[in-house]
1. Quick check: pseudo-label points 7 Å beyond the Cα along Cα→Cβ at LYS97 and ASN123, how many nm apart are they?
2. Solvent-accessible area of VAL203, probe 1.4 Å, all protein chains present, reported in Å² to the nearest ten, please.
3. Report the extension gain between THR159 and PHE109 in nm, rounded to one decimal, defined as 0.36 nm multiplied by the number of residues separating them, less their alpha carbon distance.
4. If you place +1 on the Cβ of every Lys and Arg and -1 on the Cβ of every Asp and Glu, how big does the dipole about the Cα centre of the stretch 109-175 come out, in debye to the nearest 20?
5. Within the stretch 78-99, name every residue whose backbone N is under 16 Å away from a label modeled 7 Å from Cα of ASN150 along the Cβ vector.
6. Would you tally the net charge around LEU221, using a Cβ to Cβ cut-off of less than 10 Å, leaving LEU221 out, and scoring K and R as +1, D and E as -1?
7. How much length would be gained if the chain were fully extended between LEU182 and PHE34, taking 0.36 nm per residue of separation minus their Cα-Cα distance, in nm to one decimal?
8. Using only the alpha carbons, work out the radius of gyration and Dmax of the stretch 143-225 in angstrom.
Amino acid sequence: MPISALILKEKAIEIAKELNIEDFGGRNGCLKRFKDRHCLSFKTISVEVAAVEGSFYRLLLDKTLSFTGDKCTSGKASKQRLALLFGANMCGKEKLKPPVIGKSKKPRFFKNIKSLPVEYEANSNAWMTTTIWETHIRKQDSQFSRQERNVVIIVDNCTAHNQPEHLKAIEIVFLPPNVTALLQALDQGIIRDFKRKYKKMLVKDLIKVLDKNETLEVSVLDAIN
């Protein structure tokens, strides 16, 4: 189900509860009849966006409900992004704390913040570099070494992913070139679902501020949290 339709369904269920309607399930058929009755259709918003990798943490949905026959356009899409490095074991029970890479070394929203739920790094392009990669791997190596574990980390052959020397607990295995989309586990829907869930949370926050006639301001700290 598209994210906007899912949010509409959740909002409808919430309103039904407020009206003490106990048997409302918000089924797809009910939503379809509602859209047909009010001449609504699901459309792609025409926006300008850069074709680069990363998580556009201020970018809203590219699809929405619109009146049939109306043009569905918007202004320039936000290109502010963060890069993230995900890591997990084969069954998904253990997830590594992801490094998050932004453009600003000291975002103003970090003032008086003593700790973050992620490792934050920065460079002018907000993307992975060999230095950030090696720092992260050495931190993980120290952690696994203290736990007396031997770990194989499988990564793609991105130029930033090198082979740090003298690792104690980690062995790095590189995937062959041009097969990441086929063989890398995190590319089998995990990264896509992460972005979908993040965007769903963003839209929910937007709905809350619209109900209060306020403006949604998403900082790097908000995105990280």
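The values are calculated or read from the model by the stated rules, or taken from the named source; none is laboratory data. Owing to the predicted nature of the structure, the values given are computational and were not obtained by experimental measurement. Please note: Cβ atoms are built from the backbone with ideal geometry, for glycine as well, and neighbour counts cover all protein chains shown. Calculation scope for accessible area: heavy atoms of the full protein, side chains included, ligands and nucleic acids excluded. Shrake-Rupley method; radii C 1.70, N 1.55, O 1.52, S 1.80 Å.
1. Placing both labels 7 Å along Cα→Cβ, they lie 2.2 nm apart.
2. 20
3. Working: separation 50, 0.36 × 50 = 18.00 nm, distance 3.15 nm.
Net length gain for the segment: 14.9 nm.
4. Numbers: 7 positive and 8 negative charges, 73 e Å.
Magnitude of the dipole: close to 340 debye.
5. Label zone hits: none.
6. Details: positive: ARG108, LYS111; negative: ASP222.
Result for the neighbourhood of LEU221: +1.
7. On the way: separation 148, 0.36 × 148 = 53.28 nm, distance 4.01 nm.
The span from LEU182 to PHE34 would gain 49.3 nm if fully extended.
8. My reading of the Cα-based Rg and Dmax gives 19.4, 56 Å.
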